[in-house]
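Below is one structure, written out as structure tokens, with a few remarks after it.
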Amino acid sequence: SSKTFWTTTGMFPQELIIGFPKCVKISKVAIQCYLVRTLRIERSTSKDPEGFQQCIEKDLQHREGQLQMEEFPLPEFEATYLRFIIKSAFDHFVSVHRVMAEGT
């Protein structure tokens with residue numbers, strides 16, 4: 001729902017893990033968030049959320065009063081889990097409003 005979001009507890013790093021029902025091929029990840037400074041995306045192909053490998057780490061641009069909408073085109077890879085690590089922020093609390101993964 002576009003009216004719901006996940007918010008941090010005020011300390012960093014914070015992480016959010018998304019699991020898929022089976023291993024999928026992903027070619028692009030997009031996120032809508034607020035006040036995130038540094039974001040790392042990792043993947044795992046394990047049955048359980050473990051053994052993560054880094055896909056990308058990026059410093060996001062601060063947009064006062066607006067959601068940050070970031071797309072990460074990536075070389076196609078397989079994943080059962082995606083872990084989003086918010087390493088730092090522009091404020092004590094940040095929010096994640098939407099996460100999208102494209103692929104097959």
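Laboratory data are not the source of any read-out in this text; all were calculated from the coordinates shown. Keep in mind that what you see is a predicted model, and the values were worked out from it rather than measured. For neighbour counting, all protein chains shown are included, and Cβ atoms are generated from backbone atoms with ideal geometry for every residue, glycine included.
Some observations on this one:
- Label selected from (i) 9.0; (ii) 6.5; (iii) 6.0, the criterion being mean projected area of the Cα convex hull in nm² as computed here: (ii)
- Sparse packing (at most 14 other Cβ atoms within 10 Å of the Cβ) combined with a DSSP loop state is found for the following GluC sites (Glu not before Pro) in segment 63-102: 64.
- Cut-off 15 Å (backbone N to label point 7 Å along Cα→Cβ of residue 30), residues of segment 56-74: 67-74
- Segment residue 59-residue 7, extension gain: residue separation times 0.36 nm, minus the distance between their alpha carbons: 16.8 nm
- Residue separation of residue 48 and residue 77 scaled by 0.36 nm, minus their Cα-Cα distance, works out to 8.7 nm of gained length.
- Rule-of-thumb Rg ratio for segment 57-104 [Cα; 2.2 N^0.38 Å; N residues]: 1.33
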